[in-house]
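In what follows, a single structure is set out as structure tokens and then discussed.
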Amino acid sequence: LLRTRWGIPTVKINGVDKNPMRWPDGSFSIQGAAAELGVTPQTIFDYLARGMLAGRQLTKGQPWQIELSDEQIRQLRNRVRRTKRSTVRIPTKSPRRTDMKSPVDSETMSPTFPI
């Protein structure tokens, strides 16, 4: 918020360019990890908060550097495949059945079945 309000540019480790998908040391950026796992950047932040991923920042506000082994990538991709939400389907309104008799007599408003 303050950066936007006062027009302060964000700090980039590599100058003014976008952060790379992978850093020179082999670690991933948030965007790189998200692309590698097939999830959104917000999911990567959630994984970091839950301790499912290990990452580091030089200081608060600096870009993340996330360590991902081939085994972790495989496990997390499988997890994503298992938990991937399907497309939302809105149920269609079913047609009203007219062949069923009402359990209430419409004239007397009393039940038509024996009590």
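Read-outs throughout are calculated quantities, based only on the coordinates presented, and are distinct from any laboratory measurement. Computed from a prediction, not measured in an experiment: that's the story for all the values here. Cβ atoms come from the backbone with ideal geometry, glycine included; neighbour counts cover every protein chain shown.
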statement: For Q42 and R79, extending 7 Å from Cα along the Cα-Cβ vector and measuring point to point gives, in nm, a value of 1.8 nm
Residue-span extension gain [T4 to K18] - 0.36 nm each, minus C-alpha spacing: 3.3 nm
query: What net charge is computed for the residues neighbouring L48, neighbours being all others with C-beta under 12 Å from the C-beta of L48, Lys and Arg scored +1, Asp and Glu -1?
result: 0
